[in-house]
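Trainee: I am attaching a structure below and will ask some questions about it afterwards.
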Amino acid sequence: MYLFPRQLLVKHFWTPKQQIDFLDIYHSLRKQSHSEIITHLERASALVSDERLRWHLKDLCTKVQNGAHPTAHDILALRECFSTWPLGLNQLQALHMRALSRAMLLTPYLPPALLRWRLKSHTTVIHQLDRALAKLGVGQLTAQEVKSACYLRGLNSTHIADDRCRTWLGEWLQISCSLKEAELSLLLHNVVLLSTNYLETRR
């Protein structure tokens, strides 16, 4: 435990410095799959039948690849793409699901059916938490609770000021609370789309 505290000790036993260092390590691991997920979205855009949605998805991928932070409006405009083929939760390909699992810090080494079930379950829980959090109000959370909520949803909040974290969480909740159950694949991809280029997260 002394030699390998990150692997053998639960978070509550980490020192403050270890918490920051280890959260940085975990985020760097999940961030490794971000570009792969954007590539999967780009490839899937060619299969979107609606020309307007196809163009918008390709444009969003290009913006993220070029370092732009998309708005909630940009992301919500694509909700229809993520409710059915080719990006609905029931239609995602195995390689795509493995990359998403890594972005959620979940093991990708499972059969496709189990990967799909677990991603659905994980995203549904986050969606339910989002609805409860929206009713409570972000303003009711402490600074540490805000940082933890952001980190769970894909943002490396360890080096971001409290007001910026609250702004980001507000954007996330705006998107999440606008989605129906059939559109939760968009919430899952939001872990990458909304966090990749947000302020200091590009470090």
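The values are calculated or read from the model by the stated rules, or taken from the named source; none is laboratory data. The shown structure was predicted, so the numbers you read here are calculated from the model rather than taken from an experiment. All Cβ positions, glycine included, derive from the backbone under ideal geometry; neighbour counts span all protein chains shown. Remember, those area values only see protein heavy atoms, side chains included, never the ligands or the DNA or RNA. Shrake-Rupley method; radii C 1.70, N 1.55, O 1.52, S 1.80 Å.
Trainee: Just to check your reading of the model, which residue among ARG30, ARG54, ARG116, ARG43 is at negative phi and at pLDDT below 95?
Mentor: Unique residue meeting the criteria: ARG30.
Trainee: Scan segment 98-116 residue by residue and report those that are closer than 16 Å to LEU29 by Cα, free of Cβ contacts under 8 Å to residues at least 24 places away in the same chain and surrounded by 13 or more Cβ atoms within 10 Å (Cβ to Cβ).
Mentor: ARG98, SER101, LEU106, PRO108, listed by residue number.
Trainee: Let me ask something additional. Take the residues of segment 117-132 that are open to solvent by less than 20 Å² (accessible area, probe 1.4 Å) and of a type in the set (A, V, I, L, M, F, W, C): which is nearest to LEU95 (Cα to Cα)?
Mentor: Among those residues, the one meeting the criterion is LEU119.
Trainee: Which condition does GLU145 not pass, out of (1) surrounded by fewer than 21 Cβ atoms within 10 Å (Cβ to Cβ); (2) touching a residue at least 60 places away in the same chain (Cβ under 8 Å); (3) part of a helix (DSSP H, G or I), if it passes all the others?
Mentor: (2)
Trainee: A further question follows. Tally time: how many residues in segment 19-55 are open to solvent by 10 Å² or more (accessible area, probe 1.4 Å) and in contact with an Asp or Glu (Cβ under 8 Å, 6 or more places away or on another chain)?
Mentor: 1
Trainee: If TRP85 passes every condition in (1) under 17 Å from ILE37 (Cβ atoms); (2) of a type in the set (A, V, I, L, M, F, W, C); (3) outside any helix (DSSP H, G or I) but one, which one does it miss?
Mentor: (1)
Trainee: OK, next. Scanning for something β-branched (Val, Ile, Thr), touching a helix residue (DSSP H, G or I) at 6+ places or on another chain (Cβ under 8 Å) and under 18 Å from THR196 (Cα atoms), does segment 149-166 turn up at least one residue?
Mentor: Yes, segment 149-166 has at least one match.
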